[in-house]
Amino acid sequence: MDEVSARLLAVQSVFTDRRAYVNAISYEIETSTSPSSKASKQKELAEYKSKLATVEFPDGSRKQFNFPQLEETYNQIRDERTSKSLELGEVLKPVTAAKAKMDEYISGHLVGLTPQQIDGLKKRATEWDPAIVQINVAEANIVDRCESCHMNTREPLKITAASMTPKGEKKPDEYADAFASHTQPELLKIHDPETFGCSPCHQGNGRATTSVEKAHGNYEHWLWPLFPRENAQAGCQNCHAADMVLVSGDVQWQTINNGKDLFRQRGCMGCHRYQGYDEEPEELNSIGQQIKQIETQKNQNLKQTAYLMKQADAAESNEDANRLNGQAVDLRVANSKLDGHLQQLDYQSHSLMQDQKKVGPNLKDVRLKLNKNWIPVWLKKPSDFRPTTKMPNFRLTDRQIQAISAYIWQSGFTDALAKRKPGNAVHGRELFEERGCLACHSIGEGDQTQGGTFAANLSRVGEKANYDYLVRWIHNARERTRPYCPYEKKDIGPEPRGLREKRTALHFRP
């Protein structure tokens with residue numbers, strides 16, 4: 001295995017560089033618009049592929065290969081290494097099985113604890129005296145007494161409720177859980193109970209000691225009952241709401257991670273606000289408040305400047321006039337700095353508006369983007385058109401579908417799209433497969449589906465999309481049909497005649 005890996009590394013170090021150059025020349029050929037330039041690049045590529053490259057193997061031998069030979073040799077050695085890996089896996093199966101049995105035996109017979117730790121456990125068991133064990137987290141105003149009952153939480157020995165079953169009994173009693181150790185001891189290494197306590201993660205009433213119900217918060221006067229076992233990972237959200245994935249060493253917290261992923265994939269943040277998802281609206285609101293404060297300050301400075309100038313004109317001495325004029329100039333300079341800050345905030349808000357995410361697309365371009373007859377088909381049952389869609393089936397009646405379709409269509413922009421020439425579908429397919437589109441998008445349906453799951457399946461996009469709009473989208477997905485005005489908070493363009501007349505009538509209503 002080591003010999004094959006060494007040969008592969010020797011070939012790979014040469015092949016990788018040459019393949020990168022070949023790919024670069026191939027890209028220039030594809031993007032070139034000049035026939036002469038393309039022919040020249042093709043000739044250059046052919047000459048480069050025919051050149052010999054020297055590979056020095058681990059045994060000291062040297063061989064020369066042109067590019068096709070080098071690629072073939074690389075693939076052969078890589079396949080050989082894969083075959084050797086499979087053979088090695090078969091050979092090591094008995095070793096792996098024996099190691100698993102050994103690990104199980106060690107875990108079951110306490111090997112791993114030092115003699116001192118074992119003596120300490122025995123001493124604690126024989127000299128145990130019930131007492132209130134309290135953790136005080138002053139910064140968070142938390143007092144937890146959970147370990148008064150859960151005495152073995154931090155023990156180095158893994159103790160389960162089942163291991164506390166008395167001899168002759170089939171199952172543990174109701175108090176066995178109180179003697180069990182923490183189910184995830186590795187978590188305690190990064191969440192020291194002396195620093196964090198217990199209730200921030202598990203909830204419950206950490207101060208209570210008079211009954212199990214009160215300590216677990218299961219009574220009417222406590223708002224934060226203990227998380228049940230199946231929802232124990234929910235406590236991670238108290239501190240890690242903004243983290244999309246939670247990992248501790250080699251442990252993946254699948255329950256909370258799957259929940260976070262579903263919250264995003266199913267579009268819950270389209271209606272529900274939650275920290276860590278789609279923060280742009282809050283940031284835009286904050287910037288808007290800053291802009292209002294700065295504009296208010298500017299207006300106050302302008303008023304004060306006019307007042308100071310008037311006072312300077314009426315001053316009794318040149319000294320007073322100069323002093324008042326100086327104060328007025330300082331306010332003008334302050335306003336110029338505020339203008340600079342306003343410009344920065346304007347750029348920042350523009351960027352945020354571009355990045356602002358919504359679960360569904362904006363429907364203002366519906367007339368430019370979609371086939372008119374496709375909208376009712378989609379509203380009828382979205383999953384029939386795209387099984388992986390995040391949009392639910394609202395079970396609309398035919399009358400409701402017609403009404404919604406008409407409203408959406410009539411509310412869309414009527415701007416004319418630039419007409420596009422037909423493209424080369426065969427070349428387009430090559431580009432689609434080579435440029436990485438399948439990393440996000442997928443094509444095909446059912447068992448024939450191939451590609452990524454991050455973005456939409458494009459198999460039936462021709463049924464719904466306008467060709468001219470599709471060309472514009474691929475060229476620049478951020479291109480706007482109309483410019484956006486952050487002050488008016490709308491796209492600037494000609495309004496429909498009826499809406500304009502309605503606004504005019506409202507404006508001039510007596």
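What does the charge count near D468 come to, summing +1 for each Lys or Arg and -1 for each Asp or Glu among other residues with Cβ under 9 Å from its Cβ?
+3
Under a no-solvent Debye model with one identical scatterer per Cα of the chain, what's log10 I(q)/I(0) at q = 0.07 Å⁻¹?
-0.86
At a Cα cut-off below 16 Å, give the lysines reachable from K381, other chains included and same-chain residues fewer than 8 away excluded.
Output for K381: K390, K464.
Can you compute the charge dipole magnitude of region 22-99 about its Cα centre, using +1 on each Lys and Arg Cβ and -1 on each Asp and Glu Cβ, nothing else charged? Give it in debye, rounded to the nearest 20.
In total the dipole reaches around 80 debye.
Normalised by the number of residues in region 6-59, what is the relative contact order in percent for Cα pairs under 8 Å and 6+ residues apart?
So the answer I get is 56 percent.
Using a simple charge model, +1 on the beta-carbon of Lys and Arg, -1 on the beta-carbon of Asp and Glu, nothing else, what dipole does the chain show about its Cα centre, in debye to the nearest 20?
Here the size comes out at about 2500 debye.
What value, in deg cm²/dmol to 500, does the helix sum -39500 (n - 2.57) over DSSP H runs of n ≥ 4 give at 222 nm once divided by the residues of the chain?
Calculated from helices alone, the mean residue ellipticity at 222 nm is -17000 deg cm²/dmol.
So if R0 is 25 Å, what FRET efficiency would Q265 and W374 give, r being the distance between their Cβ atoms, rounded to the nearest 0.05?
0.55
Please list the non-local residues whose amide H lies under 5 Å from the amide H of S442, H modeled 1.01 Å from N, same-chain partners needing a gap of 5 or more.
G452, N457, L458
Taking the Cα-to-Cβ direction at H475 and at N75 and moving 7 Å from each Cα, how far apart do the two end points lie in nm?
3.8
If you average 1/r over every pair of different alpha-carbon atoms in region 363-494 and take one over that average, what Kirkwood value in Å do you get?
The answer is 16.9 Å.
Excluding ligands, DNA and RNA, what is the solvent-accessible area per residue of the chain at a probe of 1.4 Å, expressed in Å²?
Accessible surface, normalised per residue, equals 72 Å².
Note down the relative contact order for the chain as a percent, whole number, built from C-alpha pairs under 8 angstrom at least six residues apart.
This gives 6 percent for the chain.
For region 382-472, give the magnitude of the charge dipole about the Cα centre (Cβ charges: +1 Lys/Arg, -1 Asp/Glu; no others), in debye to the nearest 20.
300
Expressed as a rounded percentage, what relative contact order does region 380-475 have, with Cα pairs under 8 Å and six or more residues apart?
20
Exactly which GluC sites (Glu not before Pro) in region 195-244 are in a DSSP loop and have at most 13 other Cβ atoms within 10 Å?
Passing sites in region 195-244 are E220.
Give a residue-ordered list of calculated ³J(HN,Hα) values for region 120-130 (Karplus: 6.51 cos²θ - 1.76 cosθ + 1.60, θ = phi - 60°; whole Hz; x for Gly, Pro).
x, 5, 4, 5, 5, 5, 7, 9, 5, 10, x
Ignoring ligands, DNA and RNA, please state the percent of accessible area on the chain from carbon and sulfur, probe 1.4 Å.
54
Amide H of I142 versus every other amide H placed in the peptide plane: which residues, excluding those fewer than 5 positions away on the same chain, fall under 5 Å?
V137
Please name whichever of N136, Q327, G436 sits farthest to the positive end of the charge dipole of the chain, dipole taken about the Cα centre and charges placed at Cβ: Lys and Arg +1, Asp and Glu -1.
It is G436, whose Cα lies furthest towards the positive end.
Keeping all protein chains in the complex and leaving out DNA, RNA and ligands, what accessible area do you get for S286 with a 1.4 Å probe, in Å² to the nearest 10?
Approximately 50 Å² for this residue.
With a cut-off of at most 14 other beta carbons within 10 Å, and DSSP calling the residue loop, which GluC sites (Glu not before Pro) in region 282-317 qualify? Please list them.
Answer in residue order: E316.
So which lysines can K101 reach, going by Cα to Cα under 16 Å and dropping same-chain residues fewer than 8 places off?
Output for K101: K93.
Once you've got the Cα coordinates, tell me which of K123/K171; K189/K214; K38/K419; K43/K419 are over 32 Å apart.
Too far apart for the 32 Å limit: K43/K419.
If you add up the charges near S459, with Lys and Arg at +1 and Asp and Glu at -1, over every other residue whose beta carbon is less than 12 angstrom from its beta carbon, what do you get?
+1
What is the sum of charges around R332, taking Lys and Arg as +1, Asp and Glu as -1, for the other residues whose C-beta is under 13 Å from the C-beta of R332?
Computed value for this residue: +1.
The values are calculated or read from the model by the stated rules, or taken from the named source; none is laboratory data. These figures come from a predicted structure and were not determined experimentally. Note that each Cβ is placed from the backbone with ideal geometry, even for glycine, and that neighbours are counted across all protein chains shown. All accessible areas refer to the heavy atoms of the entire protein, side chains included, with ligands and DNA or RNA removed. Shrake-Rupley method; radii C 1.70, N 1.55, O 1.52, S 1.80 Å.
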